[in-house]
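Accompanying notes for the structure given below.
Just so you know, all these numbers are worked out from the coordinates, no wet-lab data involved. If you're wondering where the values come from, they're calculated on a predicted model, not measured in any experiment. A quick note on method: Cβ atoms are made from the backbone with ideal geometry, for glycine too, and the neighbour counts reach across all protein chains shown.
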Amino acid sequence: MSDDELQRLRNQYNELAELAGSLAHEIKNPLSVIRMNMDLLAEDLAEPKTNAERRALHKSDTVREQCTRLENLLNDFLRFARLRDLVLSPGSINEQLSRVLDLFEVQAAEAGVEIVRYLDPGLPSIRLNPQTMHAALLNLVKNSLEAMPDGGQLVAITQASPSRVRVELIDTGKGMDDKTAMHMFEAFYSTKSEGSGLGLPTARKIIEAHGGRIHVQSEVGRGTNFILDFPMLVRIEASTSAAEL
C-alpha cells in the first residue's frame, strides 16, 4: 500500500470517527431529557397506592435502567472515538499503575484477591498522557479482578529492557479460550452481559497511541497475563552531551 493510499485511509478513518462521535453526542442530548423526565415520573410514583401505579413505577424504573446503560455505552464510545492526538509528556508508569492498584485495594481484599507488586524503583520514564494512561490501566486491572470472583492473586510487574519499559498484570482467574483472546480487543466484543465491549479496545487504543504494544497470554482455568511494552524515553540531555564530545 502506497503512502498516498495510507494517508487516504487515515483521513477516511478520522472523518468517520468524528462523524460517529458527533452522532453519539447528539444521541446523548434527547437521552438525557428522557432520563430526566423518567426521574421526575419516578418521584411522582414514589409511594404507589394502586396496582396501576405500581406497574407504572416498575416500567419507569426499567426505562431509567436502560437509559443509564445507553448513557454508559455512549460515554465509552465517545472516549473510544476521540482517542487520536494525545499530548504526551515524560512520566512514571510506576506512579500511574500504583494509583490504579490503590483504587482497587479495598475491593480486591473484599473479593479475596491479593495484589502483589513488583515495581522496579529505577524504572525509566516514558512519554505518557496521565488521564488516558490511568483509564487504560484501570480497564485492565478491573478486567483481571472480574476474572477472579472467587478470589486469587493479581501480580503487577514493571521492568526495563535496553530500549523498552514493560508492564505485566498476571491474574490467577478463569482465563480465556483462544476465541475470546483473539477477539477481546475488537470493539463491541464482550462476554459479559452488561459489558459495552469497549473497555479493552479503548485500553489497546490508548496504549498504541503511546507508541506501545499490548498482547495477552491466557489459559482457561489458570489465568491471564496482560503484557504492555512502551518505548523508553530518550534522554536528550545525554545524547546532546555525547554529540558535543
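How far, in nm, would the chain grow between L233 and S125 when pulled straight, counting 0.36 nm per residue and subtracting the alpha carbon separation? Mind showing how you got there, number by number?
Working: separation 108, 0.36 × 108 = 38.88 nm, distance 0.58 nm.
Once the chain is fully extended between L233 and S125, it gains 38.3 nm.
Evaluated with a Cβ-only charge set (Lys, Arg +1; Asp, Glu -1), the stretch 22-172 carries a dipole of roughly 560 debye about its Cα centre, given to the nearest 20.
Using C-alpha pairs under 8 Å with a sequence gap of at least 6, the mean separation divided by the residue count of the stretch 89-231 gives a relative contact order of 24 percent. Highest-first packing order for the peptide set 225-233, 62-70 is 225-233, 62-70, based on the mean count of other beta carbon atoms within 10 Å.
In plain terms, the bigger the Kirkwood radius, the slower the diffusion; for the stretch 103-217, with that radius from Cα pairs, at 20 °C and 1.002 mPa s, Stokes-Einstein puts D at 141 µm²/s.
Our estimate of slack between A46 and Q66, defined as 0.36 nm per intervening residue step minus the Cα-Cα distance, is 5.3 nm. Each label was represented as a point 7 Å from its Cα along the Cα-to-Cβ direction; for M182 and H58 these points are 4.3 nm apart.
How would you rank 32-44, 173-185, highest first, on the average number of other Cβ atoms within 10 Å across their residues? Intermediate results must be reported in sequence, preceding the final value.
On the way: 32-44: 13.4, 173-185: 15.7.
Going from most to least packed, we get 173-185, 32-44.
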